[in-house]
Amino acid sequence: MAEKRVDKEIERQKPDIREHIDGVKFHQLAHGITTHPLVRSGRPCIEGTTIMVTTIAGLKNYHSMDAQQIADHLWLELFMVQDALNFYADHTDYIDTELQLDDINHEQMVESHYGDFSREILSRRESVARDP
């Protein structure tokens with residue numbers, strides 16, 4: 001009986017999901033901050049999560065939360081929030097611009113026909129309630 005030959009070059013291992021998605025590696029932007037084109041449209045996220053740096057910055061700016069409160073609110077470790085805040089401090093203009101664009105997109109969505117389904121649903125409920 002012939003021996004089974006295993007070449008190290010031929011042996012393939014599954015990629016770690018934290019390192020690859022569809023064969024593309026995560027790009028490390030800063031310590032604890034990564035980006036990937038298929039995760040949150042390539043926006044900077046906390047490593048190992050899908051929580052964006054803009055989320056952390058928004059909680060800090062709009063809700064006046066400190067790092068510990070943000071960590072408790074999002075169920076993160078404090079060092080993860082600190083990494084995001086450090087990245088935000090180094091790239092304030094970029095992150096603030098993203099936050100402003102998010103606000104504009106939200107306002108446009110609310111004002112558009114597609115952004116306000118609640119009125120439509122409530123009017124449907126009222127019309128169904130009136131019919132015997």
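Some observations on this one:
- Search result, residues across the stretch 59-69 that are of a type in the set (Gly, Ala, Ser) and over 14 Å from MET80 (Cα atoms): SER64
- Of all residues in the stretch 35-58, those satisfying the criterion of being hydroxyl-bearing (Ser, Thr, Tyr) and over 16 Å from LEU85 (Cβ atoms) are THR35, SER41, THR50.
- Number of positions in the stretch 91-101 that are charged (D, E, K, R) and either in a loop (DSSP other than H, G, I, E, B) or loosely packed, with under 12 Cβ neighbours inside 10 Å (or both): 1
- Scope the stretch 66-81; condition in contact (Cβ under 8 Å) with a residue 24 or more places away in the chain and surrounded by 15 or more Cβ atoms within 10 Å (Cβ to Cβ); matching residues: LEU76, MET80, VAL81
- Criterion: farther than 17 Å from THR92 by Cα and surrounded by 15 or more Cβ atoms within 10 Å (Cβ to Cβ) - qualifying residue of HIS27, HIS36: HIS36
- Among the residues listed as ILE121, ILE104, ILE95, the single one being out of contact with any helix residue (DSSP H, G or I) (no Cβ under 9 Å at 6 or more places or on another chain), of a type in the set (A, V, I, L, M, F, W, C) and modelled with pLDDT of 80 or more: ILE104
- Scanning the stretch 49-65 for residues that are surrounded by fewer than 18 Cβ atoms within 10 Å (Cβ to Cβ) and closer than 19 Å to PHE26 by Cβ yields THR49, THR50.
The values are calculated or read from the model by the stated rules, or taken from the named source; none is laboratory data. Quick caveat: nothing in here was measured; it's all calculated off a predicted structure. Using ideal geometry, Cβ is built from the backbone for each residue, glycine included, and neighbour counts are taken over all protein chains shown.
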